[in-house]
Amino acid sequence: MATIAVLGTLDSKGEEHAFVADFIRARGHDALLIDVGTGSAPSVKPDITRDEVANAAGIDLISLLERGNRGECVAAMCQAAPVTLAQLAAAGKIDGVISLGGGGGTAIATAAMRALPLGFPKLMVSTLAAGNTAAYVDTKDIVMMPSITDIAGINRLSRRIFTHAAGAICGMVEAPYETANDRPLIVASMFGNTTACVMECKRILNESGYEVLIFAATGTGGRSMEALIGSGMVAGVLDLTTTEWADELVGGILSAGPDRMNAVARHQVPAVIAPGCLDMVNFGEPHTVPTKFADRQFYFHNPQVTLMRTTPEECHQLGKIIAQKVNSYTQPAAIMIPKRAISVISAEGQPFHDPRADTALFASIRAEAHAPIEEFDEEINSPIFAHACATRLLELIESTNPSTPR
């Protein structure tokens, strides 16, 4: 038997959450009703009150409610609910969470769900689920289910939607998951232009007893990789495609934000880094490229993706950023430089071949980095370079934890 948190604004949507809780109990599980409402009194009795949720985060909800600013109250609950839910999960008191909400309820509940580990069952039935859910899901595995109609009572349609949702969260907590044979985990960043290198590294690392999870360096992918590193599940990092920093610096559409490459420092994981695809900044269709870049060099990857070559000046800044990020790492790390090409299209004879830009990038890394730098007269997708990267990471992992497989 599992315990499922049923979290929601029980002032305006108490009947609906009670319906879900009753279904969960009928399936043989416990339901823990948590009130995060900020309006009138809850219409059903919660197991954890809104005051208890607020107090756990040191928030004086009564004072906020007296001021009567709903937005301020919702923002406070967005801070408080994650604390309560994370504490319950860490203590083993809940095995999954479900919520039903409109705008405010979705903001509060998904904020709480984002505080939970990857793999922890999370389901949000929302009026907003059919739109852009990036702000609610972010890098977590939150299942968003459209409510179709507003969440305003039990009717012939909502009864079916809520029943399916309750059945789904029960199925998620009931699903067996075997972890006994899980291998140590390595995460890797990849782009189409570094695929051959990363896939060869994956083969070598798999044969050495590791499981390799690959993340596309598309902004969301980089942030997801950072989140997984932050979960503590990762034994090593193969960050060979740091291209998201080009978009962050220059203004492309695939930035992973300024925290990219920070998780390794915070969670002390051995890492191998390369300047993969720092030759390119990503935009959408050609007409979406800002006019200030009109005189730049472009490569039309496909009708929806336009790549812009980074300049020597930008590459100098990128090298400095990469080196400074690695300088903050407290576990062993190495920077690997493929001097002949940092992507498929930067090789000699290819559209983005620019020796001046590459020289500026490499020189900046050398000038700033404290970590060991290994240079190869190879292209990034060379099997020789891939083998060197994989082997170096294995050595770094073994140096910090000799019991890991090799």
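Descriptive notes on the structure:
- Going from the residue with the fewest nearby Cβ atoms within 10 Å to the one with the most, Cys201, Cys277 rank Cys201, Cys277.
- Each Cα pair under 8 Å and six or more residues apart adds its separation to the average, and for the chain the resulting relative contact order is 11 percent.
- Computed about its Cα centre, the charge dipole of the chain is approximately 580 debye, with only Lys, Arg, Asp and Glu carrying charge at their Cβ.
- Cβ-based exposure ranking for Val305, Val250, in which fewest neighbours within 10 Å come first: Val305, Val250
- Average projection, convex hull of the Cα set of the range 109-193: 8.2 square nanometres.
- The relative contact order of the range 199-342 comes to 23 percent, based on Cα pairs under 8 Å that sit 6 or more residues apart.
- Separation between Cα centres of the range 24-74 and the range 214-237, rounded to whole Å: 33
- For Thr243, Thr84, the sequence from fewest to most other C-beta atoms within 10 Å is Thr84, Thr243.
- Other residues with beta-carbon under 10 Å from the beta-carbon of Val326 carry, at +1 per Lys or Arg and -1 per Asp or Glu, a net charge of -1.
- Between the range 145-196 and the range 352-372, the Cα center-to-center distance that results, in Å: 43
- Whether the range 3-174 is rounded, prolate or oblate, judged on the alpha carbon gyration tensor where a/c under 1.5 counts as rounded: rounded
- Candidate aspartates and glutamates - alpha carbon under 13 Å from Lys13, same-chain residues fewer than 8 apart omitted: Asp35, Asp150
- Aspartates and glutamates with Cα under 13 Å of Lys140, excluding same-chain neighbours fewer than 8 positions away: Glu226
- Percent RCO, i.e. relative contact order, over the range 111-229, from Cα pairs under 8 Å lying at least 6 residues apart: 23
- Calculated P(r) tail over 37 Å for the chain, as whole % of Cα pairs: 36
- Under the Karplus curve 6.51 cos²θ - 1.76 cosθ + 1.60, θ = phi - 60°, whole-Hz ³J(HN,Hα) for the range 8-18, x wherever Gly or Pro sits: x, 7, 7, 6, 9, 9, x, 4, 5, 5, 5
- Proximal lysines relative to Lys320, as straight alpha-carbon distance under 21 Å, when same-chain residues fewer than 8 apart are discounted: Lys339
- Global form of the range 316-387, assessed from the alpha-carbon gyration tensor, a/c cut-off 1.5: oblate
- Between amide H atoms placed 1.01 Å from N, distances below 5 Å from Ala31 occur with Ile4, all of them 5 or more places distant or on a separate chain.
- Antiparallel beta bridges, as assigned by DSSP with both residues in the range 185-400, represent about 30 percent of the total such bridges.
Computed from the coordinates by the stated procedures, all read-outs in this text should not be read as laboratory data. Small disclaimer: the values here were computed from a predicted structure and weren't measured. When we count neighbours, we look across all protein chains shown, and the Cβ atoms used for this are built from the backbone with ideal geometry, even at glycine.
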